[in-house]
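S.K.: Structure incoming, see below.
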Amino acid sequence: MTSAESSGFLNVSKWPTLEELSVGFEENLMPASFALVGETIAINFEGNVLITHHVDNEKAFEVRTGIFFIDFYKPDFEEHVSLICNRCTGQVIAGLSRLDSTTGEQRTKTEFLHGNINTFTNVPAFPETEELVRRHIVYRYTPRDAYEHVYLNRGTLTWHCLSGTEKGLADTEFSRTFKLGDQLYLLFWTETIMPVESFVVVDLQKMRSTGRFSCWDPKPQRVVHMLFGSYATQLAKTDAAAVAASPLSMGTRKHDGNKT
């Protein structure tokens, strides 16, 4: 099949495992930062909860000057922690991911907590944003694997694999987006078919993404947690709602078969 050819519908039973689809996804991951190694960060979270964390061997990435994405596992709580920490403003947001089987299916469930570095006061939370809505972006994780995203509304995105292990697969998922800075976003989405959740920093200035996915892979029956990075290309920013709200022109009516 050539790159110009389109794949057809593929039954879920034939989808690859998460380990298979993620091979090589760290190829475009930005270099890790060691700026925080040896430091102890004290964070005030919602509900007057103070947590101190000593940075040791965790993976950390300085996605913008002073803004760090830190990812680590807490074995005592059996949860993965993905942390965004702005050392300049004191803002912190944490994604706590753990396995949950209350629906009868083993899935990852992520809870978000806002906080601030305890040496800062009156720190606003990272706000949720609609700034990705209507954007059409291609993310290239490896020379072989490329995906397109279309952000439909505040809580919904559609992804489609253009090339690679999942070529032709697509779905529409629940998502949340937080504004971390100018053209810098935290994008979270949870997939419907595959029990996977992704926590990704999208930088539309540098046109890169840095993140992780965490999930229970039902085929090999084990937890899969992987860091990944990509280079991004924005194809368009559209406004379909404005088009739908605008009056039809005579030319459009004729194009639609002279319907009145």
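S.K.: Among the candidates Glu58, Glu105, single out the residue that is within 30 Å of Pro218 (Cβ to Cβ), without any contact (Cβ under 8 Å) to a residue 40 or more places away in the chain and over 17 Å from the mean Cα position of the chain (by Cα).
M.R.: Glu58
S.K.: Name the residue, out of Gly104, Gly168, that is more than 22 Å from Val202 (Cβ to Cβ), in a loop (DSSP other than H, G, I, E, B) and touching a Cys at 6+ places or on another chain (Cβ under 9 Å).
M.R.: Gly168
S.K.: Under 6 Å between Cβ atoms, at least 6 apart or on separate chains: pull out the pairs that start in segment 189-205 with a residue that is closer than 19 Å to Arg222 by Cβ and touching a residue at least 60 places away in the same chain (Cβ under 8 Å) and end on any residue that is surrounded by fewer than 23 Cβ atoms within 10 Å (Cβ to Cβ) and basic (Lys, Arg).
M.R.: Pro195/Arg107
S.K.: Cβ-Cβ under 7 Å, sequence separation 6+ or interchain: first residue in segment 31-48 and within 16 Å of Gln91 (Cβ to Cβ), partner part of a loop (DSSP other than H, G, I, E, B). Which pairs?
M.R.: That search, which allows pairs on different chains as well, returns Leu36/Val55; Ile41/Val55; Ala42/Asn118; Ile43/Asn118; Asn44/Asn118.
S.K.: Looking for whichever is part of a strand (DSSP E or B) and in contact with a Cys (Cβ under 9 Å, 6 or more places away or on another chain) here; the options are Tyr147, Tyr139. Which one fits?
M.R.: The conditions single out Tyr147.
S.K.: If you don't mind, another one. May I ask you to verify whether Ile70 is buried (at least 18 other Cβ atoms within 10 Å of the Cβ), under 20 Å from Asp182 (Cβ atoms) and touching a Leu at 6+ places or on another chain (Cβ under 7 Å)?
M.R.: Spelling it out, it is not the case that Ile70 is buried (at least 18 other Cβ atoms within 10 Å of the Cβ), under 20 Å from Asp182 (Cβ atoms) and touching a Leu at 6+ places or on another chain (Cβ under 7 Å).
S.K.: Further question on the same structure: I'm told Thr110 meets every condition in (1) at pLDDT 95 or above; (2) touching a Gly at 6+ places or on another chain (Cβ under 7 Å); (3) not acidic (Asp, Glu); (4) not in a loop (DSSP other than H, G, I, E, B) except one. Can you identify the failing condition by its number?
M.R.: Evaluating Thr110 over (1) at pLDDT 95 or above; (2) touching a Gly at 6+ places or on another chain (Cβ under 7 Å); (3) not acidic (Asp, Glu); (4) not in a loop (DSSP other than H, G, I, E, B) leaves (1) as the failure.
Each row is one residue, and each column tells you yes or no for (1) at pLDDT below 95; (2) more than 28 Å from Leu99 (Cα to Cα); (3) basic (Lys, Arg); (4) in contact with an Asp or Glu (Cβ under 6 Å, 6 or more places away or on another chain).
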{"site": "Ser22", "(1), (2), (3), (4)": "yes, no, no, no"}
{"site": "Glu26", "(1), (2), (3), (4)": "yes, no, no, no"}
{"site": "Ile43", "(1), (2), (3), (4)": "no, no, no, no"}
{"site": "Val49", "(1), (2), (3), (4)": "yes, no, no, no"}
{"site": "His54", "(1), (2), (3), (4)": "yes, no, no, no"}
{"site": "Phe61", "(1), (2), (3), (4)": "no, no, no, no"}
{"site": "Arg64", "(1), (2), (3), (4)": "no, yes, yes, no"}
{"site": "Pro75", "(1), (2), (3), (4)": "yes, no, no, no"}
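S.K.: Restricting the first residue to segment 148-168 and requiring it to be on the phi > 0 side of the Ramachandran plot, which pairs with a second residue that is of a type in the set (Lys, Arg) meet a Cβ separation below 9 Å and a spacing of at least six or different chains?
M.R.: Gly164/Arg144
S.K.: Next question. Of the residues that sit in segment 187-206 and are of a type in the set (D, E, K, R) and either touching a Ser or Thr at 6+ places or on another chain (Cβ under 6 Å) or not in a loop (DSSP other than H, G, I, E, B) (or both), which one is farthest from His80 (Cα to Cα)?
M.R.: Applying the filter and picking the extreme gives Asp203.
S.K.: Limited to segment 86-127, what total is found for residues that are under 15 Å from Glu46 (Cα atoms) and surrounded by 14 or more Cβ atoms within 10 Å (Cβ to Cβ)?
M.R.: 18
S.K.: Run down Arg144, Arg212, Arg208 and say which single residue is among the charged types (D, E, K, R), buried (at least 17 other Cβ atoms within 10 Å of the Cβ) and more than 28 Å from Asp100 (Cα to Cα).
M.R.: Arg208 is the lone residue from the list that is among the charged types (D, E, K, R), buried (at least 17 other Cβ atoms within 10 Å of the Cβ) and more than 28 Å from Asp100 (Cα to Cα).
The values are calculated or read from the model by the stated rules, or taken from the named source; none is laboratory data. As the structure is a computational prediction, the values presented were derived from the model and not from experiment. All Cβ positions, even for glycine, are placed from backbone atoms using ideal geometry, and neighbour counts span all protein chains on display.
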